[in-house]
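Colleague: My structure is below; once you've seen it, I'll send some questions.
The values are calculated or read from the model by the stated rules, or taken from the named source; none is laboratory data. Nothing here was measured: the structure is a model prediction, and the numbers come from that model. Here the Cβ positions follow ideal geometry from the backbone for every residue, glycine too, while neighbour counts run over all protein chains shown. Please note that ligands, DNA and RNA were not included when accessible areas were found on the heavy atoms of the full protein model with its side chains. Shrake-Rupley method; radii C 1.70, N 1.55, O 1.52, S 1.80 Å.
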Amino acid sequence: MFFSKEILQNEASVLYDDKEVLEVLNDYYNDSFKWEDNINTDREHVFKIITNYCIKFYKNSLISALEEGFYNKFILLFMPSYSLSLTEQEIKLTLTELSRFLEYINSCHGINLHKSYKKNYTANLDEITRVYYILRKIQKYTEAPVLSFNPMIIDMNCYKKRKKHVEVSKREMYEQGYFEIIDKISGIIILKKRKLKSSNTYIKIKVESSLASDMRCGDVINMRIKKRFFYTTWDIIDVKDYYSSKISECIE
């Protein structure tokens, strides 16, 4: 749903001032942070995350063009890429800061996006927490030596392999892109590459049953994978992002 400028201007109780989203974000920063004697560095950090979100999706957009799904899009489509670099507490701090920003938009521009935030907060927090832990657990199945950036956790076996600069075997096949989970059989995850014309091309990856139980059909994984000849399952080289099935239709 989009909020029409004409509708808002007809509301006598609304002091409406249409600005670009990034300008409103700057106003919010100046109004909210200037009163703090010592700016909280954690708050500064999560504010930058919200700024990056607005730059990516709403650069040059007017505040009147913001849709009710602003919050859902932020937490389910944008936040997963931060799962390895933030703690669970920092994710909650980010959502708290976003709540303040939405309240600011409502009070200064008469656009109530906070209603959607309150409605979906619990369900989507549960979903981003699920994705948060899946991404951290699934890292140990990749060839990336860093399992987590905050706290820093390194898989020394992967690190040593990288240091050796092992020659790539010619007996391996490679794929990359977005893969959608379509079925699970114990620890075997069956996926189909999205946007692929052939509907009969599937891949299988093997993970622990405890991890597989947290992964859901419809979830989408952006990753690079490889398969050795004569093997039936693929190995994960690198996972870029993991998305909840709730937002899968928005992923290109």
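Colleague: Ordering Glu127, Glu23 from largest to smallest accessible area (1.4 angstrom probe), what's the sequence?
Modeller: Glu23, Glu127
Colleague: Put Thr129, Thr142, Thr122 in order of accessible area, largest first, 1.4 Å probe: what do you get?
Modeller: The residues order as Thr122, Thr129, Thr142, largest area first.
Colleague: For the pair Phe57/Thr96, report the inter-label distance in nm, with labels modelled 7 Å from Cα in the Cβ direction.
Modeller: 2.3
Colleague: Tell me the accessible surface of Leu84 in square angstrom (1.4 angstrom probe, heavy atoms of protein chains only), to the nearest ten.
Modeller: 30
Colleague: Describe numerically, in nm with one decimal, the distance between label points set 7 Å from Cα along Cα→Cβ at Asp214 and at Phe230.
Modeller: So the label points at Asp214 and Phe230 sit 3.5 nm apart.
Colleague: So between Asp31 and Lys115, what do we pick up on full extension, going 0.36 nm a residue minus the alpha carbon distance?
Modeller: Between Asp31 and Lys115, full extension yields an extra 28.0 nm.
Colleague: Using only the alpha carbon atoms of the range 44-152, find the Kirkwood hydrodynamic radius as the inverse mean reciprocal pair distance, in angstroms to one decimal.
Modeller: 14.8
Colleague: Just add up the charged neighbours of Ser107: K/R +1, D/E -1, any other residue whose Cβ is under 11 Å from the Cβ of Ser107.
Modeller: Residues near Ser107 contribute -1 overall.
Colleague: Follow-up question, since we're still on this one. Could you give the length gained on full extension between Ser107 and Ser81, defined as 0.36 nm per residue of separation minus the Cα-Cα distance, in nm?
Modeller: 6.3 nm
Colleague: Once you have the Cα-Cα distance between Lys19 and Lys240, take 0.36 nm times their residue separation minus that, and quote the gain in nm to one decimal.
Modeller: Going from the current span to full extension adds 76.2 nm.
Colleague: From the phi of every residue in the range 179-184, what ³J(HN,Hα) in whole Hz does the Karplus formula 6.51 cos²θ - 1.76 cosθ + 1.60 yield, where θ is phi - 60° and glycine or proline is x?
Modeller: So the Karplus estimates, Gly and Pro as x, are 10, 9, 6, 10, 6, 9 Hz.
Colleague: Something else now. Search the structure for amide H atoms under 5 Å from the amide H of Asp241, placed 1.01 Å from N in the peptide plane, and list their residues when 5 or more places away or on another chain.
Modeller: Answer set, sorted by chain and number: Asn222.
Colleague: Quick check for you: with a 1.4 Å probe and neighbouring chains kept, what is the accessible area per residue of the range 90-146, in Å²?
Modeller: Dividing the accessible area of the range 90-146 by its residue count gives 40 Å².
Colleague: Another question about this same structure. Just add up the charged neighbours of Thr232: K/R +1, D/E -1, any other residue whose Cβ is under 13 Å from the Cβ of Thr232.
Modeller: +3
Colleague: Here's a follow-up. For Asp27, Asp17, write out the residues from largest to smallest accessible area, computed with a 1.4 angstrom probe and no ligands counted.
Modeller: Asp17, Asp27
Colleague: Using only protein heavy atoms and a 1.4 Å probe, report how much of Ile188 is accessible, in Å² to the nearest 10.
Modeller: 40
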